[in-house]
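Everything below concerns the one structure shown next.
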Amino acid sequence: MSLFLGLRQSADVDIILDDASTRQMAEIRTEDGRKERFYLFYDGESVSGKVNITLKKPGQKLDHQGIKIEFIGEIELYQDRGNHHEFTTFVKDLVSRPGELMQNASFPFEFANVEKPYESYTGTNVRLRYFLRVTIARRLSDIVKELDIIVHTLYSYPEVDSSIKMEVGIEDCLHIEFEYNKSKYHLRDVILGKIYFLLVRIKIKNMEIAIIKRESTGNGQNTFNESEIIAKHEIMDGAPAKGESIPIRLFLSGYELTPTIKDVGKKFSVRYYLNLVLVDEEERRYFKQQEITLWRKKY
């Protein structure tokens, strides 16, 4: 059988996008931590191009049971790798009937105004990806070629956004009031705020603010939560005095952030929090978290 397979015709498959020379590319982190670049698309954009099939053995025919191309959006939970949850699938037949290829061939395709409802994402326990897949169906083993793309989801929030004001304290020891300029930030925004010390009777050594990403996957008893500190910034070093005000200025553009993702396909969510931490001279930590919304703005 191995000798027979070795004599069979095979082919190289290439997927070429129509606007590959002009289309913008974007980076995404892979599961193993590397960064890769793919063509960037938005919801509602058409995906078109051609599929080139190059026979490996000129003059020898390639028998097939049909040739198709699919546009797929899927969610893969790493704790359930055997199941890929497809939320978008479009199929087009390039060759609908069984037949044979005697020479190299090229087939045009178009997925017009295709829906891409979610943003591409690779996290600790989950991956959401979009890709084109060409399948040359054969009796014993199919020939399959995939091409990943990246999808960014754009939002439009009003420029006027309500500020966040909160108080936190320890009775008769500490009373502070903090304020952030708004609760929704685009990915290149600047977080502005102030910390007011109304009562200080403990020896504070320093204060820091952190951005925490919390990824939740699965549901019910099979829910997995992972928290990651994306950024940490010291905003005060030394003991503050009563009545003192400490400014906060944190630029988001220098960090790897994604938009907030809420309950995608009932499979996963990604939320962000601002974590304000005070450390006293005995290394005790006092903190207060506030959820913020991150969104992608077209630049």
Test K182 against the criterion of being basic (K, R), surrounded by 13 or more Cβ atoms within 10 Å (Cβ to Cβ) and in contact (Cβ under 8 Å) with a residue 40 or more places away in the chain, and give yes or no. no
Every pair of residues 6+ apart whose Cβ atoms lie under 8 Å, when the first sits in the range 35-60 and is over 25 Å from V95 (Cβ atoms) while the second is surrounded by fewer than 15 Cβ atoms within 10 Å (Cβ to Cβ) and β-branched (V, I, T): E36/T30
Across the range 73-84, what is the total count of residues that are surrounded by 15 or more Cβ atoms within 10 Å (Cβ to Cβ) and in contact with a Lys or Arg (Cβ under 8 Å, 6 or more places away or on another chain)? 5
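Tally time: how many residues in the range 246-299 are closer than 23 Å to G220 by Cα and charged (D, E, K, R)?
6
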Name, by its number, the condition in (1) farther than 30 Å from H64 by Cα; (2) crowded, with 20+ Cβ neighbours inside 10 Å; (3) in contact with a Lys or Arg (Cβ under 8 Å, 6 or more places away or on another chain) that does not hold for Y130. (1)
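Applying the selection to the range 243-299, what residues are more than 27 Å from the chain's Cα centre (by Cα), outside any loop (DSSP other than H, G, I, E, B) and surrounded by fewer than 12 Cβ atoms within 10 Å (Cβ to Cβ)?
Those that are more than 27 Å from the chain's Cα centre (by Cα), outside any loop (DSSP other than H, G, I, E, B) and surrounded by fewer than 12 Cβ atoms within 10 Å (Cβ to Cβ): S245, P247, R285.
Taking the condition modelled with pLDDT of 95 or more and either surrounded by 11 or more Cβ atoms within 10 Å (Cβ to Cβ) or not basic (K, R) (or both), does L17 pass? Steps first, answer last, please.
Working: modelled with pLDDT of 95 or more: yes; either surrounded by 11 or more Cβ atoms within 10 Å (Cβ to Cβ) or not basic (K, R) (or both): yes.
In short, yes.
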Matching residues, the range 208-222, being farther than 19 Å from L252 by Cα and more than 19 Å from the chain's Cα centre (by Cα): N219, G220, Q221, N222
Give me the pairs, please: first residue somewhere in the range 204-232 and at positive phi, second residue anywhere and not in a helix (DSSP H, G or I), beta-carbon distance under 8 Å, and either six or more positions apart or on two chains. G218/L77; G218/F224; G218/K267; G218/F268
Of the numbered conditions (1) in contact with a helix residue (DSSP H, G or I) (Cβ under 9 Å, 6 or more places away or on another chain); (2) crowded, with 17+ Cβ neighbours inside 10 Å, T124 satisfies every one except a single condition; which is it? (2)
Name the residues in the range 89-121 that are touching a residue at least 60 places away in the same chain (Cβ under 8 Å) and either aliphatic (A, V, I, L, M) or crowded, with 17+ Cβ neighbours inside 10 Å (or both), would you? L101, F109, F111, A112, V114, K116, Y118, E119, S120, Y121
Candidate set: the range 233-257, residues that are free of Cβ contacts under 8 Å to residues at least 40 places away in the same chain and touching an Asp or Glu at 6+ places or on another chain (Cβ under 9 Å); chosen: the one farthest from I211 (Cα to Cα): A239
Considering residues that are farther than 19 Å from V190 by Cβ and either assigned by TED's automatic domain parsing to the domain that holds L128 or exposed (fewer than 14 other Cβ atoms within 10 Å of the Cβ) (or both), the number found within the range 228-242 is 6
Can you pull out every residue in the range 133-142 that is crowded, with 18+ Cβ neighbours inside 10 Å and of a type in the set (A, V, I, L, M, F, W, C)? V134, I136
Yes or no: the range 224-236 includes at least one residue that is within 18 Å of Q290 (Cβ to Cβ) and of a type in the set (D, E). yes
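The values are calculated or read from the model by the stated rules, or taken from the named source; none is laboratory data. Keep in mind that this is a model prediction, so the values were computed, not measured. Glycine also receives a Cβ, built like all others from the backbone with ideal geometry; neighbour counts cover every protein chain displayed.
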